[in-house]
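> So that we are looking at the same thing, I have put the structure below in structure tokens.
None of the figures in this text is laboratory data; all of them are computed from the coordinates on show. Predicted model, so just to flag it, every value in this text is computed and none were measured. When we count neighbours, we look across all protein chains shown, and the Cβ atoms used for this are built from the backbone with ideal geometry, even at glycine.
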């Protein structure tokens, strides 16, 4: 039997190993080839793709918010600017023990649980090297106290950011409006790119209307960041363009006089230059401090403002709608003269009430017992209701509303602000549209004394009396006189726009109305005669009283026994100097009773201040 | 470098190298690679000179060890290989029991004066012991030799894989496998082993691999599925390499590397830095250098006087190739992420020392008497 014996044969074995080595070398080459092919694909074929990815890894775009434009009054008084608001911020990665730091900070500065919640929320969202605000709006004392002790804390900083500031606080708040933090609603309206980095936006009034001009143009910074998102260097920068400055038509001094004249009363005043529509003062009382709203109003403050019975947040000058009462009478009188349905010297006997033919209902005069024999001039001077019942009856609603429309009633003035309302100028068409029923003759009479459905805004009333002072030439009212481009130093005047021009059929018709209105102030029996004492210029005016609630047929109105908030509103419209008017004023004092006692003195003070430079 | 180029001094310097038993071709390549490595490390570490100095110290130590090992004759190496192997395995067990935990794996042994990974010993000891065992047998290997060799290889491999250190396990395993392959395991057997392995793959997937290892393989297939988690490494690495383009962004100018987007950029992912800063040309050049080293090793193996030298030199050269292939494959997204450094370039002491000692072994084989004669 043979057993196969394997002998070591170095030659064969070395040949075997060499063969295997050669095979290995081949496999190595193939596999290396695969790696090279892979590199070829990554670095040459897909280079563009990866190059883009690499750049988007490291390059970030940062928005640089522009500085908001400033607001000045017509004499250069600053009404709104931007101040550095100090905030306490913490850089998380530099703090060793956050709980300990926070509790130690409490010794130096107060912060609420609300502050802490927001801080902790942001801590989770932001990167550890970013500073997170703990307290906003530090006052000077807090800043000083912290600054002295800052060395005891690592990672705690005091940083300043420009924030909108209204240096005069509540002064002219309803003319200016205010800015607030951008919310979800705002975001849906604005271009997200140009507001990247901007934290505040105009919420109301001028600040909102001129948002585009005030905001400016956002700047862009291209920065290189590392994997953790820390900025390493700025690659490229387009600086932001600051917003434009607004120069207002408002005279801050005049505005202040007007605000003070109201005292504790609520109401509104609009003073306008009839010759170009410039608003000289725009007041709604009471006022509030818009600075509260800039960085988010606290719940207590907001609730207090919102629930206050005097409604300080409500802009009465633009949004408040009141029955014009007797202040509408000069316009209806002009309408009657222009329509030639009444001779100015014809008289009506006022016995204290008026009855339509074939009707039982009595339309009362405000004066019990009546005014007696009344021509037009006396009727305006003494504000006789019966005369105007008769006038309205003869004139008819169509002609009444046609003329008043020409003076801007029942329509927006298109002032450059927000929240304006149109009021209501009653007419057959209006009634059909809104209530779907026919017009009743009784309504014509109520309209004739500025009651019923007739509603005006103080601004509208001011603009209408301004138009009347110019024989029917009506301008669009403006709050902004010029806009200054901070970049080009260019000052752009806003346009003077004529909103309407009524053509008088007879100049003497108008003269008669003006004479009557001068008589209201300067005449012995004028309803506003009490303000004429010491008057150094000629003022034309008309008082008015508008009912807050209706009085039943046979009830008496007795101011003394009626609760303050149900008392009549006092109104006064005026312009001066008559013949060459420089200012027109409309005033409403809510629940002020008769216009002659509440509203007219305020108008006098404002006019004195403007025409005589007296305050 | 003038040591080799200077024509008058050529034979002189050759004699010195011969006296030191150093192979000039391998030595030249290793030096060029190490210089490359230093430059790259400077960039990848964010110009950290301390780190470079530490690496330079290790490199010097590694080169000294290389020469030392090169001067041990192969027959001595063959004799001590079994003791080295057994010592290594015992240390592995010791690590399992007493070892320190670093980065979630138990790999380090602290001997008081030095901390090292016993698995590094096995990178050399496993091919040595298998080569010495097979060198005296008749080749091609028979069944008995095959079984013994597989046992010799799999004991340390499993111990290392358990640490867990998949990268080293692969390197040790492949070193042992290459010896067997070179010793002429029949194609049929290898084929059937391959089939068996792929049949067992689902089982291995469930039993042998840990969660994070399974994740890495899944990530490789679809890195975008978790771009900020397990896919982050590979995505950022591909971006770095790809954005390097043809010529690269320039030394120290790689944005992905300098801005910290590449994780582990001075160790396992250093090739991403290289690809980004030196581009396609640079990468090709680097791979070419590696190829020269591998082929020189295979050449020495082919010309060795006896089987031990042939098998060991060949297996070590091929293992070196595995380093290169697995590392470049993983940073380019061809292979799953396993902890295999880019040889001679990645920062890290032990692997550098082991590698250089491996080349010491190859040079010792080249210098054995009959080879030279």
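> Mind giving me the nanometre distance, one decimal, between the label points for residue A:394 and residue A:505, set 7 Å out from Cα along Cα→Cβ?
About 1.4 nm separates the two model spin labels.
> Starting from the Cα of residue B:252, step 7 Å along the direction of its Cβ; do the same at residue A:307; then give the gap between the two resulting points in nm.
Computed distance between label sites residue B:252 and residue A:307 equals 6.9 nm.
> Counting pairs of alpha carbon atoms under 8 Å apart in space and at least six apart in sequence, what relative contact order in percent does the stretch A:62-248 give? Show your work: numbers first, answer last.
On the way: 327 pairs, mean separation 65.6, N = 187.
The value is 35 percent.
> Taking 35 Å as R0, compute the FRET efficiency from the Cβ-Cβ separation of residue A:56 and residue B:35 and round it to 0.05. Display every interim value, and only then the final one.
Numbers: r = 34 Å, r/R0 = 0.98.
According to the calculation, E is roughly 0.50.
> Using 1/(1 + (r/R0)^6) with R0 = 56 angstrom and r between the beta carbons of residue B:196 and residue A:98, what's the FRET efficiency to the nearest 0.05?
My answer for the efficiency is 0.45.
> Cα gyration tensor of the stretch A:53-120, axes a ≥ b ≥ c as square roots of the eigenvalues: rounded (a/c below 1.5), prolate (a/b > b/c) or oblate?
Oblate, since a/c reaches 1.5 and b/c is not below a/b.
> Please give, to one decimal in nm, the separation of the simple spin-label points placed at residue A:184 and residue A:141, each 7 Å out from Cα toward the Cβ.
About 3.9 nm separates the two model spin labels.
> When only Cα pairs under 8 Å and 6 or more residues apart are kept, what is the percent relative contact order across the stretch A:202-306?
17
> Further question on the same structure: So what's the angle, to the nearest 10 degrees on a 0 to 90 scale, between helix A:385-395 and the longest Cα principal axis of chain A?
80
> Run the numbers on chain B and let me know its relative contact order in percent, using alpha-carbon pairs under 8 Å that are six or more apart.
Relative contact order of chain B: 25 percent.
> Where does chain B land at 222 nm, in deg cm²/dmol rounded to the nearest 500, when only DSSP H runs of n ≥ 4 count, each adding -39500 (n - 2.57), divided by all residues? Display every interim value, and only then the final one.
Numbers: 16 runs with 266 residues, N = 373.
Result for chain B: -24000 deg cm²/dmol, rounded to the nearest 500.
> In deg cm²/dmol and to the nearest 500, what is the mean residue ellipticity at 222 nm of chain A if only DSSP H runs of at least 4 residues count, each as -39500 (n - 2.57), divided by the residue total?
One gets -10500 deg cm²/dmol as the mean residue ellipticity at 222 nm.
> Hey, for a label at residue B:20 modelled as a point 7 Å past Cα toward Cβ, could you say which residues of the stretch B:33-68 have their backbone N under 18 Å away?
Under cut-off, by backbone N: B:33-36, B:56-68.
> Angle, helix A:252-261 long axis vs. longest principal axis of chain A, Cα atoms, 0 to 90°, nearest 10?
60
> A further question on this structure: Looking only at the stretch B:165-203, which residues have a backbone nitrogen under 19 Å from a spot 7 Å from the Cα of residue B:143 in the C-beta direction?
Only B:184-197 pass the distance filter.
> Given R₀ = 51 Å, FRET efficiency for residue B:155-residue B:51 by Cβ-Cβ distance, to 0.05?
Numbers: r = 36 Å, r/R0 = 0.71.
The computed FRET efficiency comes out at 0.90.
> Distance from the Cα centre of the stretch A:411-449 to that of the stretch A:506-529, in angstrom?
27
> Using a/c under 1.5 as the rounded threshold, could you call the stretch A:306-426 rounded, prolate or oblate? The axes a ≥ b ≥ c are square roots of the C-alpha gyration tensor eigenvalues, and prolate needs a/b larger than b/c, oblate otherwise.
The shape class here is prolate.
> Here's another thing I want to ask about it. Go through A:117-129, A:269-281 and give me the packing order, highest mean Cβ count within 10 Å leading.
Descending mean neighbour count gives A:269-281, A:117-129.
> Next question. If you take the square roots of the eigenvalues of the alpha-carbon gyration tensor of the stretch B:75-202 and sort them as a ≥ b ≥ c, do you get rounded (a/c under 1.5), prolate (a/b over b/c) or oblate?
Oblate, because a/c is 1.5 or more while a/b does not exceed b/c.
> Something else about it: When Cβ neighbours within 10 Å are restricted to other protein chains, what is their mean count per residue of peptide A:48-61?
5
> On to the next question. Can you order the peptides A:309-318, B:338-347, B:292-301, A:236-245 by their average number of other Cβ atoms within 10 Å per residue, highest first? Spell out each step's value before the answer.
Details: A:309-318: 19.4, B:338-347: 24.5, B:292-301: 22.3, A:236-245: 17.4.
The most tightly packed comes first, giving B:338-347, B:292-301, A:309-318, A:236-245.
> Over the whole of B:276-283, what's the average partner chain Cβ count within 10 Å per residue? Rounded to a whole number, please. Don't skip to the answer; put the middle values down first.
Values: counts 3, 0, 0, 4, 7, 1, 1, 6.
Mean inter-chain Cβ contacts per residue within 10 Å come to 3.
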